[in-house]
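Q: Before anything else, here's the structure in question.
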Amino acid sequence: MPLNDAKINELLERWIQDVVPSKEEFFKKLKREKLTIYHGVDPTSPDIHLGHSTNYLLMRVFHQMGHRIVLLIGDFTAMIGDPSGRTTERVPLTEKEVKTNYKTYENQVGKILNFNSKENPIEVRHNSEWLKKLTFKDVVEIAGHFTVQQMISRDMFQKRLREGNPIGLHEFLYPLMQGYDSVALNTDAEIGGNDQLFNMMAGRDLVKDYKKKEKFIVTTKLLINPKTSKKLMSKSEGGYIAFNDSAFQMYGKTMALPDEVVANCFQLCTELDAKKIEETEKLSEKERKEALAREIVRIYYGEEEAKKAEYEFNKTFKEKRMPDQIEEFKSGEKFINITNLLIQAGIRSSKGEVRRLIEQGGVHINTKSEDLWERIDDPEKQLEACLGAVIRVGKRRFVRLSYKP
């Protein structure tokens, strides 16, 4: 997408919520100097979802402008756990869980950012590179830049105190560690959702103290439901559209979004210009959502896959037929129970999740060529792998079972 000054300004205003200390100063610097700009993501789950896309679309604009871009994977901070927005403590993650979660992050973000650029390479860093090396003396020194009053003033900590919920001392360390990332990277600017403002301000204070320079904080607009004011995509609550969803899943999940969020999704999750977005307002609600689904799939999979996803969706949900493209799970055993199948195929991560899914009527099986589906009620139901049965999970996930000794 070619970028002229007008387009750059449009996108910056569209995706940026605010800039500390000021938008005007930051925009001027963007045009005059090559800046180091980073965005950090904690690998608390294997998926990066559409709620994060504003950060990466914005980073792509900065990259195309010639700035030094760093994707920071918070492999160390993920083991502490970000308290932002939490009314209870996070369950700590192990180093192994964190590594499993982030192993596909570069591939996922690479659907938006160009990691193959030779002229201006994008860097991928892990904050364990420097945080693991800090001594206790270093941590005490960093902590000396902040007060207990600063930490305890945060809304979610005040809420916990009122409700009698515990606050872990380690939770005070999280913004210190995220703040120190800015020092280690010697950054000029950090990008993050506006719910990360406190943590990013900690980095601004530390950069000022350690590096004797200003750090810009660029907060991006959050994807929310205007009716409920809640985040539309959430790792902790589920129900998100992931970058690594298949084109068919991505299209189907977009079609399942509430009507009231479509306008926000066009603004924050696509690069369509204002005129084209305005044209979609003339469409019916269903047609507008179809246009959004096509555009989102196109961004991550290209034009042809977007057309195929739309065809498959219509075939499956309008015509009630089985889709042509179905992922396959090859079992090494002739018989496998449904719970083990769904876990091994990566559809659910635990027996408890599978049991709840089955109890809610979310799993069906088709053993015939006709579109005849039988509900599975028993989580221990044995399936014969060689029959080539198709399992439907929810409305949009299909898996064909096969036997490969």
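The values are calculated or read from the model by the stated rules, or taken from the named source; none is laboratory data. Small disclaimer: the values here were computed from a predicted structure and weren't measured. Positions of Cβ are backbone-derived with ideal geometry, glycine not excepted, and every protein chain shown enters the neighbour counts.
Q: Right, Lys215: among the basic types (Lys, Arg) and not assigned by TED's automatic domain parsing to the domain that holds Phe26 or not?
A: Spelling it out, it is not the case that Lys215 is among the basic types (Lys, Arg) and not assigned by TED's automatic domain parsing to the domain that holds Phe26.
Q: Additional query: Here is a list: Ala184, Ala263, Ala247, Ala202. Which entry is within 18 Å of the chain's Cα centre (by Cα) and either farther than 19 Å from Asp82 by Cβ or without any contact (Cβ under 8 Å) to a residue 60 or more places away in the chain (or both)?
A: Ala247
Q: Then there's this: Output the number of the condition that Gln149 fails; it satisfies all remaining conditions of (1) exposed (fewer than 11 other Cβ atoms within 10 Å of the Cβ); (2) part of a loop (DSSP other than H, G, I, E, B).
A: That leaves (2) as the condition not met.
Q: For region 270-308, enumerate the residues that are β-branched (Val, Ile, Thr) and within 24 Å of the chain's Cα centre (by Cα).
A: Matches in region 270-308: Thr270, Ile277, Ile296, Val297, Ile299.
Q: Please specify each residue of region 309-321 satisfying the condition of being crowded, with 18+ Cβ neighbours inside 10 Å and either of a type outside the set (Asp, Glu) or at pLDDT 95 or above (or both).
A: Within region 309-321, Ala309, Phe313, Thr316 qualify.
Q: Can I ask one more? Residue check: is Gly362 surrounded by 13 or more Cβ atoms within 10 Å (Cβ to Cβ), at positive phi and touching a residue at least 24 places away in the same chain (Cβ under 8 Å)?
A: Against the criterion (surrounded by 13 or more Cβ atoms within 10 Å (Cβ to Cβ), at positive phi and touching a residue at least 24 places away in the same chain (Cβ under 8 Å)), Gly362 does not qualify.
Q: While we're on this one: Using beta carbons and a limit of 9 Å, which pairs, at least six apart or on different chains, have the first residue in region 369-394 and within 17 Å of Ile343 (Cα to Cα) and at pLDDT below 80 and the second one of a type in the set (D, E, K, R) and outside any strand (DSSP E or B)?
A: Ala385/Glu333; Ala385/Lys334; Ala385/Lys404
Q: For residues that are of a type in the set (Gly, Ala, Ser) and buried (at least 19 other Cβ atoms within 10 Å of the Cβ), scanning just region 46-80, find the one that is nearest to Glu295 (Cα to Cα).
A: Ser53
Q: Look through region 354-405, keep the residues that are small (Gly, Ala, Ser) and outside any loop (DSSP other than H, G, I, E, B), and return whichever of them is farthest from Glu327 (Cα to Cα).
A: Top of the filtered list is Ala385.
Q: Also: Counting only residues that are among the small types (Gly, Ala, Ser) and assigned to a helix (DSSP H, G or I), how many does region 133-146 have?
A: Result for region 133-146: 1.
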